[in-house]
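The values are calculated or read from the model by the stated rules, or taken from the named source; none is laboratory data. Keep in mind that what you see is a predicted model, and the values were worked out from it rather than measured. Here the Cβ positions follow ideal geometry from the backbone for every residue, glycine too, while neighbour counts run over all protein chains shown.
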């Protein structure tokens, strides 16, 4: 199956663009940080980071549901590092930490979830071809599960 996803960016002023994902999300604004931009919306690095973190979170939740595991409320924090390569700025790596709302003891059968959820994350798998992504999973007690 091939699916085409489109987005339209309309320049407003300076570095500000209106981003239309579709009719449901009209008027979303992107910008770059000060001093060059106005910091009126997320920059492209923020949107990339959010897309990767969201896709991993959804894949993790989907895997939990598939195996009948209640993970409680999941909180995901992600960080993107900017580095200089050959004199130009590049995304160096992305770190994603998914924390479950339950302890490891409350979630039976996590092995299959932890070993497979990253493989079904289309965005992170695609981005991973060019940018290293580290993903960790913690339970509500802060115990690292992956």
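A few remarks follow.
- Within the range 10-44, the set of residues being exposed (fewer than 12 other Cβ atoms within 10 Å of the Cβ), modelled with pLDDT of 70 or more and not in a loop (DSSP other than H, G, I, E, B) comprises 10, 11, 13.
- Selection status of residue 106, over 30 Å from residue 12 (Cα atoms), modelled with pLDDT of 90 or more and outside the structural domain of residue 15 (by TED's automatic domain parsing): yes
- Complete set of residues in the range 78-91 that are farther than 17 Å from residue 117 by Cα and in contact (Cβ under 8 Å) with a residue 24 or more places away in the chain: 79, 80, 82, 91
- Residue satisfying all of: in the range 67-111; in contact with a helix residue (DSSP H, G or I) (Cβ under 8 Å, 6 or more places away or on another chain) and assigned to a helix (DSSP H, G or I); surrounded by the most Cβ atoms within 10 Å (Cβ to Cβ) among these: 110
- Which numbered condition residue 37 fails, given (1) in contact with a helix residue (DSSP H, G or I) (Cβ under 8 Å, 6 or more places away or on another chain); (2) under 30 Å from residue 12 (Cβ atoms): (1)
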